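Undergrad: Following this message is one structure expressed as structure tokens.
The values are calculated or read from the model by the stated rules, or taken from the named source; none is laboratory data. Remember, it's a predicted structure, so these values are computed and weren't measured experimentally. Here the Cβ is made from the backbone with ideal geometry for all residues, glycine too, and neighbour counts use every protein chain on show.
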Amino acid sequence: MADKICTELLPLLVLSGLLFPGTVKFAFSTGGIASDCCKWRGIVCSNLTGRVVEINLHNPYVDDNLRGNLKPGQTLGGEISPSLLDLKELKYLDLSMNNFGGTKLPRFIGSLKQLRYLNLSGASFGGMIPPSLGNLSRLQYLDLSDCFAESSQKDLCWLPGLSSLRYLNLAAIDLSKAADHWLQAINSLPSLKELHLPNCFLSKLPLSLPFINVTLLEVLDLSNNNFNSTLPWWLFNLTRLVHLDLNSNNFGGELPDEFATLATLEELDVSQNSYLKGPLPKSLGSLCYLRLEILDLGNNQLSGNLPDSLGNLKKLRYLQFLLNSFQGSIPRTIGNMSSLKEFYIADNSMSGIPESFGQLSTLVAVDLSENLWEGVVTEHHLANLSSLTDLNLRKASPNISLAFNIAPGWIPPFKLRYLYIRSCQLGPEFPSWLRNQNDLETVVLNNAKILGTIPDWFLQLDLQLDELDIGYNQLIGEPPTSLMFLDVRSNVDLSSNLYEEIITSGPIPPNIGELMPYLTDLDVSQNALNGTIPLSIGNMTTLTTLVISNNYLSGEIPQFWSDLSLLYILDMSNNNLSGPIPREVGLLSSLMFFIVSKNNLSGELPSSFQNCSSLASLDLGENRFSGNIPAWIAESIPSLLILRLRSNSFTGEIPPQICSLSYLHIVDLSHNSLSGSIPACMGNLTSLKMELTDADRVRYQGRLTVVAKGKILQYDERTLYLVNSLDLSDNRLSGEIPEALTSLVRLWTLNLSMNHLTGRIPIDIGKLEWLETLDLSSNNLSGPLPPSMTTLTKLDYLNVSYNNFSGKIPTANQFQTLNDPSIYEGNVGRCGIPLPESCPGDEKRPQSPDNGCGNVESEDGGDDLEYFWFFLSIGLGFFVGFWGVCGTLIVKKSWREAYYSYIDRMKNKLIAFIARRTG
């Protein structure tokens, strides 16, 4: 019988390589068909009948490799042969984590009536789930997750037939067309204990059900769907739940106290539901939660104080509260959480850390970053943290409100691997409690008010670092170049210190390339370093970031760049470097940020920069570069975001090819000797017509100065993506201002001053509704200011001085605040407030200053008419009031006699009253 079974089974498994190489080799090891296929790997036969009951061809390679890295021959494929139906006693079939290339799952699978276990997860079948699966009434385990390349499944009508099902996983299958009745189909499975439906594009979740049939559920995963409602009430009737995952949905409202009914919960994940708000439930930490081991409420809008009842969760191992709005102090009871291993409360508004925090002896990793911590941390806050390896106390704000005050001789009980402290006071001395921390791989002590030198004992810890950041302190002496760094992950930031004592021998050691050959990031900016750039940097073949800006480095840029093929940030700005840019720099095809502003560099931009096709920022400002602006900048660097060439000696015309740079949104060609006209095609700069988003922030590095609002403003990578500026000032440009510039509707700053421009301001300049700065001064422009300028309601800096403008100055909208006469001076034909010259037709009168309420003369002389009616009304009022009374007394004798009689009576009464008071 065994021979017949193996004869039937072998074609099935060998078809299209449906056996792993080791299995095939075993099958043919005897020179023919193996006599007993029950010995094949992955095949199990019944001890009673000898027939195959289990086929387990789960891909074993995925345990150690990502599927994307699998080699040919490490996955099964092909079509499944109908011979499978001959296996009448087959109970277990696992083809998971293979690649069937979109082949449809055959309908006859539903005829394997004895199946108890079916796992096709990650097997890349295509088409729909065959409804015939509903015939498998004995099936207890069904996993189709990440299986089907597409799904047009209209319903789940086949599910109710799986009356014995205990485990169901349909993760990443599009069930959006079953949105109205998916829950009813699930609710028909009375034996179900585990349900996994993450990433199923579900959007409707009924808040109530007529009855609950799946009361045996222990695991429920509805994460990463599109539910937009409050949490459903039927959920709290699933009183056997052990694991509940609702993360990454759109649930709203508050977390109800009814969670207390889920007394068997061990894992609860309701994170990343951005509409969940309010305080934590009062029941949290009650006796009902004593089994809870994992609690994740991160990335919501929860607020208020953390309750003291948290201390009751003594089995809790993982606690995630990051990215909420919690405030106040960590509860003192946290010291009672004797099982806590990971605690993440970053990005809240927390302010206090109790001493009881130091009692968490099982704590391994803690992230307290991005909060408002204040007060003092002593050794008592760290006393018993014997398991701690990762400590993150990073603050985004440079303001220091938390200080460490630890006794000099204190030895911590922990061995840290990751230490990240930013904007907390550790100094003035280098923290001596790090003396025994010889397992450190990441050390960040940024903006920690540390003074003096790095002690020898720290340099002798024999550390293997992947990151060292001691920037923004007041360190002196030699940089810690004797430390050892791991290979391609290493990052060093020594910026903004006071390394002055080593100036005579060179701020960057000549042999730095030999000392740290595997360094990837080197930042020694904003120190007081001088000397030349050492040649040994060229040996750092894994270097990706080189920032040596804001020092006193001199000499020419060395030619050592040919081996730095990974370099993408090169910032040498604000030094005393001279000479040309080496041709080798332009051969760095990975370069994205090239910043050499504020030096004494000269020559032309090497044509080799045509290889820098990924360049996003090109800043050559404040140097002595000359020649024409090369047209190939646009043709070879299509992704350019920032082009800054200000304050050089460039000549020739602005190449029209620049107009094709669709990402360009900061253009500064000012203070050069450019001639010709402004290309009309500059109105095609796409990024000056659209608003960038937060997602664009990742494409920016470093700082950039932009002249706007008459000031020099500095922006960093957090805000650069918001700046839209076009500055062509102080050149020799001529001709008219192109009308096409009015299509740059997102432009913030337009500076065309100090040129030889003629003609009028474009009539539609009012389309630039985001314009804040407009400087057209010192040109030969003429005509009136266009009426549309009054619609530039965001304009708060204007300069049109020293042109040939004429006509009356507008007074509507923001022009009421632009009342500095220097804005308009040097234009012979201009008149009106705030200038002393009145316009023709205005009535001559003394000028009075604006009272701050906008009472300035209107262009149509409306105030003259108001004055006329004002005086006329006074005259008429006097005439009517005086003659209405006095005229009547003169004409009518009886009224006159009565009036005088009344006066006499009142006089007599007054005399009698005074006499009584004095008597």
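Undergrad: Among ILE411, ILE406, which is the only one that is assigned to a loop (DSSP other than H, G, I, E, B) and buried (at least 16 other Cβ atoms within 10 Å of the Cβ)? Reasoning before the result, please.
TA: Numbers: ILE411 fails: buried (at least 16 other Cβ atoms within 10 Å of the Cβ).
On inspection, the qualifying residue turns out to be ILE406.
Undergrad: Further, regarding this structure: For the stretch 525-561: of the residues being closer than 19 Å to GLU478 by Cα and touching a Ser or Thr at 6+ places or on another chain (Cβ under 6 Å), which is surrounded by the fewest Cβ atoms within 10 Å (Cβ to Cβ)?
TA: Among them, the one singled out is GLN526.
Undergrad: Here are the criteria: (1) at pLDDT below 90; (2) in contact with a Leu (Cβ under 9 Å, 6 or more places away or on another chain). Tell me which single one LEU577 does not satisfy.
TA: (1) is the only condition that LEU577 fails.
Undergrad: Condition (residue is assigned by TED's automatic domain parsing to the domain that holds ARG703, part of a helix (DSSP H, G or I), hydrophobic (A, V, I, L, M, F, W, C) and surrounded by 22 or more Cβ atoms within 10 Å (Cβ to Cβ)) applied to the stretch 605-616: is it met by at least one residue?
TA: Pass one, the stretch 605-616, residues assigned by TED's automatic domain parsing to the domain that holds ARG703: 605-616.
Within this subset, residues satisfying the condition of being part of a helix (DSSP H, G or I) are 607-611.
With the extra rule that they be hydrophobic (A, V, I, L, M, F, W, C), the set shrinks to 609.
Imposing the further condition that a residue be surrounded by 22 or more Cβ atoms within 10 Å (Cβ to Cβ) reduces the set to 609.
Yes - at least one qualifying residue is present in the stretch 605-616.
Undergrad: Considering the stretch 722-741 alone, what residues qualify as being within 31 Å of the chain's Cα centre (by Cα) and surrounded by fewer than 22 Cβ atoms within 10 Å (Cβ to Cβ)?
TA: Those that are within 31 Å of the chain's Cα centre (by Cα) and surrounded by fewer than 22 Cβ atoms within 10 Å (Cβ to Cβ): LEU722, VAL723.
Undergrad: Within the stretch 122-142, is there a residue that is part of a loop (DSSP other than H, G, I, E, B), within 17 Å of LEU95 (Cα to Cα) and among the β-branched types (Val, Ile, Thr)?
TA: There is at least one residue in the stretch 122-142 that is part of a loop (DSSP other than H, G, I, E, B), within 17 Å of LEU95 (Cα to Cα) and among the β-branched types (Val, Ile, Thr).
Undergrad: Give, as residue ranges, the strands (runs of 3 or more DSSP E) completely inside the stretch 749-818 that count at least 3 residues that are surrounded by 18 or more Cβ atoms within 10 Å (Cβ to Cβ) and either in contact with a Leu (Cβ under 9 Å, 6 or more places away or on another chain) or not aliphatic (A, V, I, L, M) (or both).
TA: Details: elements: 749-751, 756-759, 773-775, 780-783, 797-799, 804-808.
Strands (runs of 3 or more DSSP E) meeting the threshold: 749-751, 773-775.
Undergrad: I've got another one for you. Tell me yes or no: at least one residue of the stretch 823-839 is under 46 Å from the mean Cα position of the chain (by Cα), at pLDDT 85 or above and not aromatic (Phe, Trp, Tyr). It would help to see each step written out before you state the result.
TA: Residues of the stretch 823-839 under 46 Å from the mean Cα position of the chain (by Cα): 823-825, 834.
Retained after the next criterion (residues that are at pLDDT 85 or above): 823-825.
Still in the list and also not aromatic (Phe, Trp, Tyr): 823, 825.
Scanning the stretch 823-839 turns up at least one residue that is under 46 Å from the mean Cα position of the chain (by Cα), at pLDDT 85 or above and not aromatic (Phe, Trp, Tyr).
Undergrad: Let me ask something else. What are the pairs with Cβ atoms under 6 angstrom where one residue, in the stretch 187-201, is free of Cβ contacts under 8 Å to residues at least 40 places away in the same chain and closer than 12 Å to LEU165 by Cβ and the other, located anywhere, is crowded, with 18+ Cβ neighbours inside 10 Å and hydroxyl-bearing (Ser, Thr, Tyr)? Sequence gap at least six, or different chains.
TA: Filtered contacts from the stretch 187-201: GLU194/TYR167.
Undergrad: Sticking with this structure for a sec: Can you tell me which residue is modelled with the lowest pLDDT among those in the stretch 473-484 that are surrounded by fewer than 21 Cβ atoms within 10 Å (Cβ to Cβ) and of a type outside the set (S, T, N, Q)? Even if it seems obvious, please write down each step before you answer.
TA: We begin by selecting, within the stretch 473-484, every residue surrounded by fewer than 21 Cβ atoms within 10 Å (Cβ to Cβ); these are 474, 476-478, 480-482, 484.
Still in the list and also of a type outside the set (S, T, N, Q): 476-478, 480, 484.
Working: ILE476: 83, GLY477: 76, GLU478: 71, PRO480: 74, MET484: 63.
Top of the filtered list is MET484.
Undergrad: Kindly evaluate TYR802 against the criterion of being assigned by TED's automatic domain parsing to the domain that holds GLU739, at pLDDT 90 or above, touching an Asp or Glu at 6+ places or on another chain (Cβ under 8 Å) and closer than 29 Å to MET690 by Cβ.
TA: Here the answer is no, as TYR802 does not meet what is asked.
Undergrad: I need a count of the residues in the stretch 75-105 that are in a loop (DSSP other than H, G, I, E, B) and under 16 Å from LEU142 (Cα atoms).
TA: Pass one, the stretch 75-105, residues in a loop (DSSP other than H, G, I, E, B): 75-81, 87-91, 95-103, 105.
After this cut, where a residue has to be under 16 Å from LEU142 (Cα atoms) as well, the list is 90-91, 95-97, 105.
Adding up the residues that qualify gives 6.
Undergrad: Name the residues in the stretch 533-563 that are closer than 18 Å to LEU577 by Cα, in contact with a strand residue (DSSP E or B) (Cβ under 8 Å, 6 or more places away or on another chain) and aliphatic (A, V, I, L, M), would you?
TA: ILE533, ILE537, LEU546, VAL547, ILE548, LEU553, ILE557
Undergrad: Residue by residue through the stretch 224-250, note down the ones that are hydrophobic (A, V, I, L, M, F, W, C), crowded, with 20+ Cβ neighbours inside 10 Å and out of contact with any Leu (no Cβ under 6 Å at 6 or more places or on another chain).
TA: Answer for the stretch 224-250, where residues must be hydrophobic (A, V, I, L, M, F, W, C), crowded, with 20+ Cβ neighbours inside 10 Å and out of contact with any Leu (no Cβ under 6 Å at 6 or more places or on another chain): LEU231, LEU235.
Undergrad: Filter the stretch 617-640 down to the residues that are among the aliphatic types (A, V, I, L, M), assigned to a loop (DSSP other than H, G, I, E, B), crowded, with 16+ Cβ neighbours inside 10 Å and out of contact with any strand residue (DSSP E or B) (no Cβ under 6 Å at 6 or more places or on another chain) and list them by number.
TA: LEU620, ILE637, LEU640 - these are the residues of the stretch 617-640 that are among the aliphatic types (A, V, I, L, M), assigned to a loop (DSSP other than H, G, I, E, B), crowded, with 16+ Cβ neighbours inside 10 Å and out of contact with any strand residue (DSSP E or B) (no Cβ under 6 Å at 6 or more places or on another chain).
Undergrad: For the stretch 285-301, check the following and say yes or no: at least one residue is among the hydroxyl-bearing types (Ser, Thr, Tyr) and at pLDDT 90 or above.
TA: No, there is no match, as no residue in the stretch 285-301 is among the hydroxyl-bearing types (Ser, Thr, Tyr) and at pLDDT 90 or above.
Undergrad: Return yes when SER734 is touching a residue at least 12 places away in the same chain (Cβ under 8 Å), assigned to a strand (DSSP E or B), out of contact with any helix residue (DSSP H, G or I) (no Cβ under 9 Å at 6 or more places or on another chain) and closer than 28 Å to SER649 by Cβ and no when it is not. Steps first, please.
TA: On the way: touching a residue at least 12 places away in the same chain (Cβ under 8 Å): yes; assigned to a strand (DSSP E or B): yes; out of contact with any helix residue (DSSP H, G or I) (no Cβ under 9 Å at 6 or more places or on another chain): yes; closer than 28 Å to SER649 by Cβ: yes.
So SER734 fits the description; yes.
Undergrad: If the requirement is being within 25 Å of SER608 (Cα to Cα) and more than 34 Å from the chain's Cα centre (by Cα), which of these qualifies: THR544, THR532? Before you say what the answer is, go through the steps one by one.
TA: On the way: THR544 fails: more than 34 Å from the chain's Cα centre (by Cα).
Selected residue: THR532, the only one of THR544, THR532 that is within 25 Å of SER608 (Cα to Cα) and more than 34 Å from the chain's Cα centre (by Cα).
Undergrad: Name the residues in the stretch 334-368 that are farther than 17 Å from ASP296 by Cβ, touching a strand residue (DSSP E or B) at 6+ places or on another chain (Cβ under 8 Å) and surrounded by fewer than 19 Cβ atoms within 10 Å (Cβ to Cβ), would you?
TA: The answer is SER349, SER351, GLY352, PRO354.
Undergrad: For SER662, indicate whether it is surrounded by fewer than 22 Cβ atoms within 10 Å (Cβ to Cβ), closer than 15 Å to PHE594 by Cα and modelled with pLDDT under 90.
TA: No; evaluated as a whole, the condition is false for this residue.
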